[in-house]
Amino acid sequence: FGLIGALGYLFLGAMGILRKVLILGLIPVGAIGAWRLLAPTRSRRTRLVTLVVYVAVPVAYNAVALGRWSGLVLYAAAPWFLARLARASALAPFAPVEPVVVAAGEEPPVPTEGVPPRTRRQHVLALGVLLALVTCLAPLAVPVLWLMAIGLVLGGLLGGSLRGASRILSTTFVATIVAAVLQIPWALDFLPPRFQWSALGA
């Protein structure tokens, strides 16, 4: 409610317009995430196919028709979640680009794939803040993120490799804790009664 209220100030109290912007704006937000998802491949054709497939999925349009806000939010957040998990795995084509030492006067080679190097802490914080923001609008984002993480691990297992599985699961676990901390005191409602906010303040 605080987030919606803050956005309401930007729209000068026109909450009806804000509602339409949030509903219709989530579809292009998800499309941008789908376009950026496979950016490390450096293949415009691959990114275009990903975008077309994502936009063709009827989840968002059904959510709008049925008035399901959570479904629309999760649809928009899904490619961003998947991109963060893939980058945390550090597997090709999401492996960090190693710095190349070149001689004076020579131009560095253009990498064919990869992402800028990031630390584990940066991946955790980025995913945690994103998860906290999405759960403000759709609390089901937490199990959806975990389903994605487990799906990636199982996909690697079926492919005969578990490389990156520990990085994916550990990043998801710590990011969930970060999101829960950012959601306090609301997150305390999911704890047993004696640990909830009302009991702590008594």
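The values are calculated or read from the model by the stated rules, or taken from the named source; none is laboratory data. Remember, it's a predicted structure, so these values are computed and weren't measured experimentally. Using ideal geometry, Cβ is built from the backbone for each residue, glycine included, and neighbour counts are taken over all protein chains shown. Heavy atoms of the whole protein, side chains included, go into the accessibility calculation; ligands, DNA and RNA do not. Shrake-Rupley method; radii C 1.70, N 1.55, O 1.52, S 1.80 Å.
Structure notes:
- Checking the stated criteria, residue 23 turns out to be at pLDDT below 85, touching a helix residue (DSSP H, G or I) at 6+ places or on another chain (Cβ under 9 Å) and either charged (D, E, K, R) or closer than 26 Å to residue 128 by Cα (or both).
- Qualifying positions in the stretch 133-166 - aromatic (Phe, Trp, Tyr) and in contact with a Phe, Trp or Tyr (Cβ under 6 Å, 6 or more places away or on another chain): none
- The set of residues from the stretch 24-52 being open to solvent by less than 50 Å² (accessible area, probe 1.4 Å) and over 30 Å from residue 117 (Cα atoms) comprises just one member, 25.
- For the stretch 122-165, filtering for residues that are at pLDDT below 90 and small (Gly, Ala, Ser) leaves 8.
- The lone exception for residue 29 - which of (1) in contact (Cβ under 8 Å) with a residue 40 or more places away in the chain; (2) touching a Phe, Trp or Tyr at 6+ places or on another chain (Cβ under 8 Å) it fails: (2)
- Residues within the stretch 61-73 that are farther than 30 Å from residue 116 by Cβ and either among the hydrophobic types (A, V, I, L, M, F, W, C) or within 17 Å of the chain's Cα centre (by Cα) (or both), tallied: 8
- Residue satisfying condition, being assigned to a helix (DSSP H, G or I) and touching a Gly at 6+ places or on another chain (Cβ under 7 Å), within set 126, 187, 132, 179: 179
- Top-ranked residue of the stretch 155-174 - restricted to ones that are in contact with a helix residue (DSSP H, G or I) (Cβ under 9 Å, 6 or more places away or on another chain), within 14 Å of residue 86 (Cα to Cα) and not polar (S, T, N, Q), ranked as most open to solvent (accessible area, probe 1.4 Å): 163
- Counted as qualifying within the stretch 1-92 are the helices (runs of 4 or more DSSP H) with 2 or more residues that are within 28 Å of residue 121 (Cα to Cα), out of contact with any Gly (no Cβ under 8 Å at 6 or more places or on another chain) and of a type outside the set (Val, Ile, Thr), namely 2-10, 15-37, 69-89.
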